[in-house]
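A.B. asks: Dropping the structure in here first, questions after.
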Amino acid sequence: MSAIDRAGLYKGEIKDFGVTQTRKAQLPQFVATFLATELYNEAEETWEDWTLYQQTIIGYLVLVTLNEQGIVVKCLNYDQIIEAVGWDGETYSSLAMMDLKGKRVQFRVIEDTYNENIILKVNWIAAEDADIGLRKLSGKDLTDLDAKFGLVSTKKKTAATPKKKAATTPKPPKAAVPKAGKKESIESCTEQEAYQVCIDANAGLKDPLPGEIMDDYWVTNVTEIAADTDNVTNEEWAKIRQATLENIEIPF
């Protein structure tokens with residue numbers, strides 16, 4: 001077997017796994033060896049057979065972290081693993097005791113920079129038949145969301161104003177004259193500029209997040225915000241930067 005040599009979305013099976021701790025912060029993480037059997041062709045929106053190559057990769061998926069108050073908060077991988085392998089999410093012991101060898105899942109491999117070298121790493125996992133792309137709620141799910149999390153309006157109700165009869169010869173409204181020199185500015189930046197701001201912001205925290213967790217936030221925001229992840233615009237990089245900064249400062 002050889003190592004996976006390109007980024008992309010794969011289907012495959014778990015060959016081995018375990019629950020361990022990160023080296024520095026000692027955070028619990030799910031570690032698994034994935035064997036790729038299919039690669040998603042984004043251009044044609046089809047799955048290509050990848051069994052011939054017998055390629056594997058080891059994924060290190062951090063489950064939780066600690067916020068500034070020392071309270072345990074879930075990382076994105078926590079719920080992803082619940083969905084992907086059917087973990088109950090109750091204890092790390094229950095995850096470690098599961099029989100996951102041969103379990104088929106989806107997993108995404110991305111490029112990352114470590115010690116000035118480009119490496120490939122697993123940053124996302126899902127069930128084998130999970131939808132590809134953004135997951136959007138609709139219908140009853142949205143109604144339930146309104147019922148559970150809707151805010152009570154603070155706007156005062158006013159009595160309806162009777163409609164006035166239109167004049168026989170109404171005059172068209174005058175268009176407002178735009179003020180000279182005032183243009184709408186669209187914030188933009190390059191990918192490297194956006195990422196460096198996030199790196200610096202994380203380093204400036206009292207308790208910086210582990211690099212793999214910050215990268216998890218970054219990639220998730222790229223996937224959700226960019227219309228085309230292969231051709232992200234400078235305006236989208238600015239939005240991705242802002243979303244990642246919010247994740248760093250206010251972990252969920």
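Every number here is computed from the coordinates shown, using simple stated rules; none is lab data. Bear in mind that the values here come from a model prediction, so they are computed numbers and not experimental data. With ideal geometry, Cβ positions are generated from the backbone for all residues, glycine too; neighbour counts draw on all protein chains shown.
A.B. asks: Work out, in µm²/s and without decimals, the Stokes-Einstein translational diffusion coefficient of region 5-60 at 37 °C, 0.692 mPa s, Rh from Kirkwood over C-alpha pairs.
C.D. replies: Value of D from the Cα-based Kirkwood radius: 260 µm²/s.
A.B. asks: Past 29 Å, Cα to Cα, is the threshold; run LYS101/LYS206; LYS15/LYS239; LYS103/LYS206; LYS24/LYS121; LYS74/LYS239; LYS103/LYS239 against it and keep the listed order.
C.D. replies: LYS101/LYS206; LYS15/LYS239; LYS103/LYS206; LYS103/LYS239
A.B. asks: Give the calculated FRET efficiency between ILE118 and GLU44 to the nearest 0.05, with a Förster radius of 35 Å applied to their Cβ-Cβ distance.
C.D. replies: It comes out at approximately 0.85.
A.B. asks: A further question on this structure: Given axes a ≥ b ≥ c from the Cα gyration tensor, I'd like to know whether region 1-149 is rounded (a/c under 1.5), prolate (a/b larger than b/c) or oblate.
C.D. replies: oblate
A.B. asks: Can you give the Rg to Rh ratio of region 191-249, both from alpha-carbon atoms, with Rh computed by the Kirkwood formula?
C.D. replies: Rg divided by Rh gives 0.96.
A.B. asks: Using only Cα atoms, locate the centre of region 212-232 and the centre of region 1-46, then give the distance between them in Å, rounded to an integer.
C.D. replies: Each part's Cα centre sits 18 Å from the other's.
A.B. asks: Answer rounded, prolate or oblate for region 19-105, using the Cα gyration tensor with square roots of eigenvalues a ≥ b ≥ c: rounded when a/c is under 1.5, else prolate when a/b is larger than b/c, else oblate.
C.D. replies: prolate
A.B. asks: Let me ask something else about it. In nm, give the distance between the simple-model label positions of PHE149 and LEU205, each being 7 Å from the Cα along the Cα-to-Cβ direction.
C.D. replies: Placing both labels 7 Å along Cα→Cβ, they lie 2.0 nm apart.
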